[in-house]
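The values are calculated or read from the model by the stated rules, or taken from the named source; none is laboratory data. The structure displayed is predicted, hence computed values, not measured ones. Here the Cβ is made from the backbone with ideal geometry for all residues, glycine too, and neighbour counts use every protein chain on show.
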Amino acid sequence: MQAQPTVSKSDFEKALSIGRPPNIFNLFPNSKALIVSGKVIDRAALVKGHSIAIAASVRNSFVARGALRAAQKANAAIIIEIAKSEGGADAYCDVSLWNMARLVDSICNELDITVPVAIHADHYGIKKDSDKHSAKTEIPSMFDAGITSIAIDASHLPDAENLLVNIELSPYVPKWAGYETEVGEIKGKAGLSTVDEALFLVRGLNAHHIFPDWIALNNGTTHGIEASDAGIQVELTSEIHKALEKYHVSGAQHGTSGNSFDRLRAIARQTLTTKANVATALQMVSWGLKVNEYGNAIQDPDGDFIKMADAGPSDNMWNQMVNFAREKGWKGGDYKKLNRPFENRLLALPIVERERMVSGVEDFVYLLITEVFNGADTAPLAVEAILKAGSYDLGAKAGIIEDPAEWTEDKLRKRAESLKVEKGPKGDFDD
């Protein structure tokens, strides 16, 4: 068996001294946690090739702990994230955009986690003008709190407005930070993203000196519980990525929970994806629920989840959670709302139950990293990227290609009118 590549102590110490962004260094001056820009994680996956970094959505602290243990075991760079809907100002999780970095730093120092970790604000949604106004305060506040990467998600808006929102909010994102943009709201097989609208967004950003690290697409998946494993459209994803190749934008895969491992492996092999969000599956695993081989929670004929006696919290605690949900009228995907009221109750459980929650997540994430996403042994590559750059700021992967004069607001609006797109049904598709 081939030995895993390792990072020397001197290289790690140097990466620790130069690779942590200013906000992280100021927050945790004495920390031994290698918290880095999202750019670092993307570059490591690109160097390995056909490799995807897991972006674990930490709806509870047990998921954070389990995901970080799995990354250390797999020698893999990892992204820890939470979406605005999950951990924003009006959220359903105790873990938030403002305390996530502190949680990760604490766990890393406690458990001697030495792999590079990015802290990502996912799906920072902009749906109306008031969202733009609050974003100009919230985005800086999140970076003050340790965010090192962000997804500006205005995909709910028409294509011209999506581009204009990214342009308007870009100055509030540090240049060193990981940057994700999105085209096509994630809503399953309806409103699939097209090559034309992806090119429109990336070309317009390029003309305004904005070089995203990732682009997320509606390529057939949904957030939450998948009804089947037939979501991701691999060929569509590959086609769009090839069209964007000269702009050096990697793919971000959303809605992975419930998709077959074969399809997820195909995304790694056949597309330029370097980031894959995993949220609902990790929540369900942490609670000890019976899941299929893809992490999709199994429901009985009455629509209830099946709790395994030897996993997650005790049956008594799970029954309390179920009764709470019933009183609230929550079913299926609404169970995600249990995270906030039960975080402290779960933390108060005996250590054997807490360890079962963590180890369940650890085992599932390790399986994904090593057997599905080809993400093992990317930690040394991330450290190498920092040392090669000599900085926490790895810079942009692309240069200016587009003529800014051709992408004024008037001209880009006219371009948008000629795009042939199908946005699909209206509704709330956040998770």
Considering each residue of segment 46-78, count those that are closer than 15 Å to Pro116 by Cβ, part of a loop (DSSP other than H, G, I, E, B) and within 12 Å of the chain's Cα centre (by Cα), and give that number.
0
Quick check: is even one residue across segment 98-112 assigned to a helix (DSSP H, G or I), without any contact (Cβ under 8 Å) to a residue 60 or more places away in the chain and within 23 Å of Val202 (Cα to Cα)?
no
Confirm whether Asp377 is assigned to a loop (DSSP other than H, G, I, E, B), within 30 Å of Val202 (Cα to Cα) and of a type in the set (Asp, Glu).
no
Please enumerate the residues belonging to segment 351-366 that are free of Cβ contacts under 8 Å to residues at least 12 places away in the same chain and not hydrophobic (A, V, I, L, M, F, W, C).
Glu355
Picked from segment 228-277 (must be in contact with a Lys or Arg (Cβ under 6 Å, 6 or more places away or on another chain) and surrounded by 22 or more Cβ atoms within 10 Å (Cβ to Cβ)), the residue farthest from Ile150 (Cα to Cα) is Ile232
Part of a helix (DSSP H, G or I) and either modelled with pLDDT under 95 or of a type in the set (Asp, Glu) (or both): is that true of Glu327 in this structure?
yes
What is the number of the single condition among (1) modelled with pLDDT under 95; (2) touching a helix residue (DSSP H, G or I) at 6+ places or on another chain (Cβ under 8 Å); (3) of a type in the set (D, E, K, R); (4) not in a loop (DSSP other than H, G, I, E, B) that Arg354 does not meet?
(1)
Counting just the residues of segment 386-398 that are assigned to a helix (DSSP H, G or I) and out of contact with any strand residue (DSSP E or B) (no Cβ under 9 Å at 6 or more places or on another chain), which one comes out surrounded by the fewest Cβ atoms within 10 Å (Cβ to Cβ)?
Lys388
Can you name the condition, by its number, that Ser286 falls short on among (1) modelled with pLDDT under 95; (2) buried (at least 16 other Cβ atoms within 10 Å of the Cβ)?
(1)
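For (1) outside any strand (DSSP E or B); (2) in contact (Cβ under 8 Å) with a residue 60 or more places away in the chain, each residue gets a yes or a no:
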residue	(1), (2)
His120	no, yes
His123	no, yes
Lys127	yes, no
Ser130	yes, no
Leu163	yes, yes
Asn166	yes, no
Trp176	yes, yes
Glu197	yes, yes
Return only the number of the condition from (1) part of a helix (DSSP H, G or I); (2) more than 18 Å from the chain's Cα centre (by Cα) that Glu293 does not satisfy.
(1)
